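Written out below as structure tokens is the structure these notes cover.
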Amino acid sequence: MAVRSRKWMILVATIWIQAFTGTNFDFSSYSSTLKSVLGISQLQLNYLSVASDMGKAFGWCSGVFLMYFPLWVVMFMAAFFGFFGYALQWLVIKQIISLPYFLVFLLCLIAGCSITWFNTVCFVLCIRNFPSNRALALSLTISFNGVSAALYTLIANAINPKDDTLYLFLNALVPLLASCLALIPIIRQRPLQLSTYTINQDPFIFIVLNVLAVITGLYLLLLNSLSSEALRARTLLLGALILLFLPLCLPGIVCDRNWGFRTNSSLVDLSDPELHTELIEKDQSNSLNIEPFSAINKEGLFEKVMEKGRLTMLGEEHPARLLVCRWDFWLYYVAYFCGGTIGLVYSNNLGQITQSLGYNSKISAVVTLYSSFSFFGRLFSAAPDFLHGKVNFARTGWLAVALVPTPIAFFLLAVSGSEVVLHASTAMIGLSSGFVFSAAVSITSELFGPNSAGINHNILITNIPIGSLLYGLLAALVYDSNVTSSVDKNVLQEAIVCMGRDCYIQTFIFWGCISLLGLISSFLLFLRTRPAYDDHETNRNRT
């Protein structure tokens, strides 16, 4: 009983870590102030955003450290990176110290590393403690990373609603406090003991926790707009903290009452704790799943694209050298690069986008809106697992569906600059990108092997700093060109601010076309991987 309760405590601790370490989501809340204090251009500000995303390129370092150090050590190393990177930036933005632009760039890079290291710790905790329900645990915990901006807005407003520099101070301190809070259950974790009863009961508890997560997200989304006053913000913050602590009680209550729930076995494969281990024996000659050339040479160009090197079995381990030779991987890479990453870049530019449209007082509200819908998108990534047995649809197909709103949102922004369109498009992009961020870990595990997921996923997310640089550079160049050509420009201290729809309209058109490419790539990936998912489902039912 204690062992079962302890793994749920670890899951709740992982939720706390994710909820308070999504510090990259609130960049837009203080980016305009940072730009003003440093006296830099939009292009230079974009490079600072890129530096934060470049930290993801060093995510593999956390996996290496986990080979030699316990989880809690790596977690506090991540907290130290964040404390050092954000605290010094806060001193700069408060003008207590003065640093050259290059050092501020390095601080953003170090702070970005902390986010990736926290994520690695959370992924490992979920995979170790929930091998049979890995996808459910990952989608639930990763989803809470999307509420970070809303939580930080509440905390900042509870202290001083008029001080945008508080975000950097909170980014430095709050993850460290969250790590201390999560330390006890992580240290006390024991080797996992699986039983049929425990596995059968897990999906019911996940349903309860997901319902509670939806309530938390709606609470933050609907009531955050009322937090402009300090006293009201403190009351709302107390309610949010209660909702975050409530899951700590629910699993223990369910276990202690010994409820004999037997949920649909379609949520879990009892025959094998590792969800993606196939039971079909394959010939050694087919282990690489590469179709003979003669079989595809007779087909047309489209058939070649669909058949050549296609995966025929889920869960096969792919080392890095084999991974980069897979067409499926590169279709997946492009889908993420042109879908999820472009949504992240949009969130990094939200401050300037909102300001240029004349809604400067709405920046925090728009950032919170993106964060909240990113949370719901991450939460919805569990739909394939909850609907399994009722709707048998490949997870790569869900990915393609999730990418549909992104190009629609960007083209809407290009057509209209109204506040309604800004809010609706931001919600759509947040929902879409949030789904991609959460589902990607499970997709990587299914397509290229669970044991190699840590390394392979870090290879996949190298697209984030690349996309942040290219997409952000495009947006910055368009923004700065309209500053110099527009007669309607404002000077905010030493930084020049572009005003009007022309600042981003070309960017939205380009981003919309790029996201269409990501949608096409995800659809091709779905067509190529659907037979492998069908075979997996057939053999699972047979077992």
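Taken one residue at a time, the phi angles of the range 367-383 give Karplus couplings (6.51, -1.76, 1.60, θ = phi - 60°) of 4, 5, 4, 4, 4, 5, 6, 5, 4, 5, x, 5, 5, 5, 5, 7, 3 Hz. Gly and Pro are set to x.
Cα centroid separation, the range 386-450 to the range 90-128: 27 Å.
Using R₀ = 35 Å, calculate the FRET efficiency as 1/(1 + (r/R₀)^6) where r is the Cβ-Cβ separation of residue 187 and residue 218; round to 0.05. Provide the component values of the computation, followed by the final result.
Working: r = 34 Å, r/R0 = 0.96.
The formula returns an efficiency of 0.55 here.
Per-residue Karplus couplings for the range 241-247, computed as 6.51 cos²θ - 1.76 cosθ + 1.60 with θ equal to phi - 60°, are listed in order as 5, 5, 5, 6, 8, 4, x Hz, Gly and Pro entered as x.
For residue 428, the accessible surface of its heavy atoms amounts to roughly 50 Å² (probe 1.4 Å, protein chains only, rounded to the nearest 10).
Taking 24 Å as the limit for the C-alpha separation, the pairs 35/162; 162/362; 56/162; 35/94 exceed it in the case of 56/162. Look at where the Cα atoms of the range 27-89 and of the range 214-240 average out, and the two centres are 27 Å apart. Taken one residue at a time, the phi angles of the range 503-511 give Karplus couplings (6.51, -1.76, 1.60, θ = phi - 60°) of 4, 10, 4, 5, 4, 4, 5, 4, 4 Hz. Gly and Pro are set to x.
The values are calculated or read from the model by the stated rules, or taken from the named source; none is laboratory data. Remember, it's a predicted structure, so these values are computed and weren't measured experimentally. A quick note on method: Cβ atoms are made from the backbone with ideal geometry, for glycine too, and the neighbour counts reach across all protein chains shown. Quick note on the areas: whole protein, heavy atoms, side chains included, nothing else; ligands and nucleic acids left out. Shrake-Rupley method; radii C 1.70, N 1.55, O 1.52, S 1.80 Å.
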